[in-house]
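Below is one structure, written out as structure tokens; comments come after it.
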Amino acid sequence: MYPEGRLYEEAGFIAYYFHWTHDEIMNMEHKERRKWCEEISRINRKMNDETDKNNPFDVFKKR
């Protein structure tokens, strides 16, 4: 059985970013939920990397 805490962690993560309903998320297979969590994380990493490179106030960061 899949750990309950992990299930709610994944559900909360997806719901926070994609605003999908509880039922939509909980009806997914574990593998699909994990894939969406990975995709959200990938998007966030990409956005953060782009933001960091274009931050004019970051005068201390070596480029």
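Might you check whether a residue that is at pLDDT 90 or above, of a type in the set (A, V, I, L, M) and surrounded by 12 or more Cβ atoms within 10 Å (Cβ to Cβ) occurs anywhere in region 43-58? So far as region 43-58 goes, no, none of its residues is at pLDDT 90 or above, of a type in the set (A, V, I, L, M) and surrounded by 12 or more Cβ atoms within 10 Å (Cβ to Cβ). Considering only residues in region 1-20 that are among the hydroxyl-bearing types (S, T, Y) and either under 16 Å from the mean Cα position of the chain (by Cα) or not in a loop (DSSP other than H, G, I, E, B) (or both), the one that is farthest from E39 (Cα to Cα) turns out to be Y8.
On the stretch given as region 1-42, residues that are among the charged types (D, E, K, R) and exposed (fewer than 11 other Cβ atoms within 10 Å of the Cβ) total 6.
The values are calculated or read from the model by the stated rules, or taken from the named source; none is laboratory data. Remember, predicted model here, so these are calculated numbers, not experimental data. Don't worry about glycine lacking a Cβ; one is built from the backbone with ideal geometry, like all the others, and counts go over all protein chains shown.
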